[in-house]
Amino acid sequence: FYRQDPPKTVAAKAPKKSAATQGQEQSSTASPANKKSGMNPTQLWGAVQAGNNKAAVELAELYIKGDGVPQNCQQARVLLLIASEKRNTAAIKKLQELDKGAACP
């Protein structure tokens, strides 16, 4: 079985763990799936790479909260930008919240 890796894009690539953060994921990482879609962060990344902008918004929300992934507001912003380019209204709204400083500490 031959598996071709997805095309490499900076915006839709799961962030690599640094030596400092490796093994330090939050306890919420153990949650098997997100409540909205039933997909875990790894599955959401796959959906984002396949062009699913709803998955990008959902994954961004996980990064904002630090739910199942380390909290990372910059990664959330990148994901929301991807979805907002496809006119996703939820992504546009979340970006506006991030700009106001309300959504991410």
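The values are calculated or read from the model by the stated rules, or taken from the named source; none is laboratory data. Small disclaimer: the values here were computed from a predicted structure and weren't measured. We place every Cβ from the backbone using ideal geometry, glycine too, and count neighbours over all the protein chains shown.
Things to note:
- Note on region 65-81: residues that are buried (at least 23 other Cβ atoms within 10 Å of the Cβ) and assigned to a helix (DSSP H, G or I) total 3.
- Scanning region 35-64 for residues that are of a type in the set (A, V, I, L, M, F, W, C) and part of a helix (DSSP H, G or I) returns L44, W45, A47, V48, A55, A56, V57, L59, A60, L62, I64.
- Filter result for Q96 (surrounded by fewer than 19 Cβ atoms within 10 Å (Cβ to Cβ) and at pLDDT 95 or above): no
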